[in-house]
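Have a look at the structure below, then the notes.
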Amino acid sequence: MDEFVKFINSGVLAPFKRWGTKWSLWPVHLVTACCGAEFAHAFACGYDGERIGALSYGIARQTNLIIVEGAITRKMAKVLRITWEQMPDPKFVIVMGACGLNGGIFWNGYNLVKPSEVVPVDFFIPGCPPTPEALLRGIRQLQKKLETGDAESSADFYDLKLKKGKLPKFLPKSPKKISVNPCIVIDRRREVDWETGKKLLESFKVLKVENMVITAKNRIALRVSADRIREVASELRKMGFDHVKSVNVIDLPAEGKFIVEYHISSYSIREFMPVILNLFAEIPRAKPEVDSLSDIFPSADYMEREMQDLFGVVFRGNPWKGKFLLAPDTPENPLRKDFKLQEEVYVGD
Ligand code: SF4
């Protein structure tokens, strides 16, 4: 068998094999980020990537090309590696997008990995996003390499020397400072004329919250103390506000506190449907705990888990324990303001 493979690779049939491989590139479909939209565009009817001998395919074991479509996170790095390992030889890798080169717009993200640290890369396609034409050009370059064995790209690139201490001027610098005292200001000078909102504020008086204000047409902010957040949420539920749209945490290190906020709305009462209530409470940063609302609003459950992963805020009563969103090796609480970035990973040599 080895003799046969050797003959195919180097004997008189070798040019035919190279020719066949050149026109039979089957990129495995592994969309990891927004570059995937350009990938789809390149293979849709306008550009019709298939006419240059590349057809995206859904099963890793029968493909020979993997196109990394943009950003790779710590979690997806493992998926990329497993997919690549399942592909039969010979196999090739093209990385498209600034995120895949050196992080792109996420270059200082806690979560980003260079694909070239995970799999061997044949070609990079710069851009954010690269155009479908650029992707097809990358595929053509790979075909040229397959046919001739020449790995040179015909494009002119700047000679980027990404060595520590020798960064080219146009690369972004690490953010050294964060605002000492970030704050959230509600502009009270503007009166919002909103009849439904005014009626709602009247009906909310029974809730006895610390502060309530119409912040925009269809938005009301309700500030409560952390120990009353469940009680107020239960009352809102009885009034017809039946789901949580999002759960957020705002980190204010200079003030030693977090603000935990729930955006609450209604699917069941027609006139409440456009209304969004911002129910929020402050908790101390030293003891970041607050009661979970997941039994009152089940849609809050996953978002509370996310906030616990990203900020280390514990939602007492949420049944989930442990890491949910992030890869196991992700550092603790990466969205806290005082999180220290390991920047060398993204811009170093
Ligand atoms: S390079 Fe731009 S388009 Fe591509 S994944 Fe990154 S942000 Fe998205």
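Sorted fewest first by neighbouring Cβ atoms within 10 angstrom, THR21, THR63 come out as THR21, THR63. With N as its number of residues, region 13-148 has a Cα radius of gyration that, divided by 2.2 N^0.38 Å, comes to 1.00. Under 5 Å between amide hydrogens, built in the peptide plane, is the criterion, and for ILE269 it picks out nothing among residues at least 5 positions away or on other chains. Here region 244-269 and region 8-65 have alpha carbon centers that stand 46 Å from each other.
Roughly how big is region 13-148's charge dipole about its Cα centre, with Cβ charges of +1 (Lys, Arg) and -1 (Asp, Glu), in debye to the nearest 20? It would help to have the intermediate numbers written out before the result.
Details: 15 positive and 10 negative charges, 64 e Å.
Computed about the Cα centre, the dipole is about 300 debye.
Fewest Cβ neighbours within 10 Å first, please rank CYS45, CYS128, CYS35 accordingly. Mind showing how you got there, number by number?
On the way: CYS45 6, CYS128 14, CYS35 27.
Least to most surrounded, the residues fall as CYS45, CYS128, CYS35.
What the phi angles of region 217-231 give under the Karplus curve with 6.51, -1.76 and 1.60, with θ = phi - 60°, is a coupling list of 5, 5, 10, 10, 9, 10, 9, 10, 7, 4, 6, 10, 5, 5, 4 Hz, glycine and proline written as x. Lys/Arg Cβ at +1, Asp/Glu Cβ at -1, dipole of the chain taken about the Cα centre: which of LEU200, PHE241, THR148 is farthest positive-ward? Of LEU200, PHE241, THR148, it is LEU200. Each helix, a run of at least 4 DSSP H residues, gives -39500 (n - 2.57); summed and divided by the residues of the chain, these come to -8000 deg cm²/dmol at 222 nm.
Straightening the chain between ASP295 and LYS205 buys 30.0 nm, computed as 0.36 nm per residue apart minus the Cα-Cα spacing. Got a sec? Charge dipole of the chain, +1 on Cβ for Lys and Arg, -1 for Asp and Glu; which of PRO126, ILE82, ILE139 is way out at the positive end? Selected residue: PRO126.
List LEU135, LEU222, LEU30 from most exposed to least, where exposure is judged by having the fewest other Cβ atoms within 10 Å. Numbers along the way, then the final one.
Working: LEU135 28, LEU222 24, LEU30 21.
If I rank by nearby Cβ atoms, fewest first, I get LEU30, LEU222, LEU135.
Projecting the Cα atoms of PRO331, ILE269, GLY256 onto the charge dipole of region 195-347, computed from C-beta unit charges around the Cα centre, puts ILE269 farthest toward the positive end. Taking every DSSP beta bridge that has both ends in region 13-148, the antiparallel portion is near 15%.
Going by the alpha-carbon gyration tensor, a ≥ b ≥ c the square roots of its eigenvalues, is region 1-75 rounded (a/c under 1.5) or, if a/c is not under 1.5, prolate (a/b greater than b/c) versus oblate? Cα axes put region 1-75 in the oblate bin. Secondary structure note: in the chain, about 55% of the DSSP beta bridges are antiparallel.
Taking the Cα centre as origin and putting +1 on Lys and Arg beta-carbons and -1 on Asp and Glu beta-carbons, what dipole magnitude results for the chain, to the nearest 20 debye?
With only Lys, Arg, Asp and Glu charged at Cβ, the dipole is about 560 debye.
Considering only Cα-Cα distances, which of the following residue pairs are longer than 21 Å: LYS287/LYS337; LYS217/LYS238; LYS257/LYS287; LYS205/LYS257; LYS75/LYS323?
Numbers: LYS287/LYS337 16 Å; LYS217/LYS238 23 Å; LYS257/LYS287 9 Å; LYS205/LYS257 27 Å; LYS75/LYS323 12 Å.
Check vs 21 Å cut-off fails for LYS217/LYS238; LYS205/LYS257.
When only Cα pairs below 8 angstrom with a gap of at least 6 residues are kept, the chain shows a relative contact order of 13 percent.
Taken one residue at a time, the phi angles of region 318-333 give Karplus couplings (6.51, -1.76, 1.60, θ = phi - 60°) of 5, x, 7, 10, x, 7, 10, 8, 9, 5, x, 8, 5, x, 5, 6 Hz. Gly and Pro are set to x. Across region 91-102, computed HN-Hα scalar couplings (Karplus, 6.51 cos²θ - 1.76 cosθ + 1.60, θ = phi - 60°) run 9, 9, 10, 10, 10, 10, x, 4, 4, x, 6, 8 Hz from first to last residue, x flagging Gly and Pro.
Charges at C-beta only: +1 for Lys and Arg, -1 for Asp and Glu. How large is the resulting dipole of region 195-347 about its Cα centre, in Debye rounded to 20?
Numbers: 23 positive and 24 negative charges, 115 e Å.
With Lys and Arg at +1 and Asp and Glu at -1, about 560 debye.
Coordinate-derived values only; no laboratory data. Worth saying up front: this structure is predicted, and the values here are computed from it rather than measured. Virtual Cβ from ideal backbone geometry, glycine too; neighbours counted across all protein chains shown.
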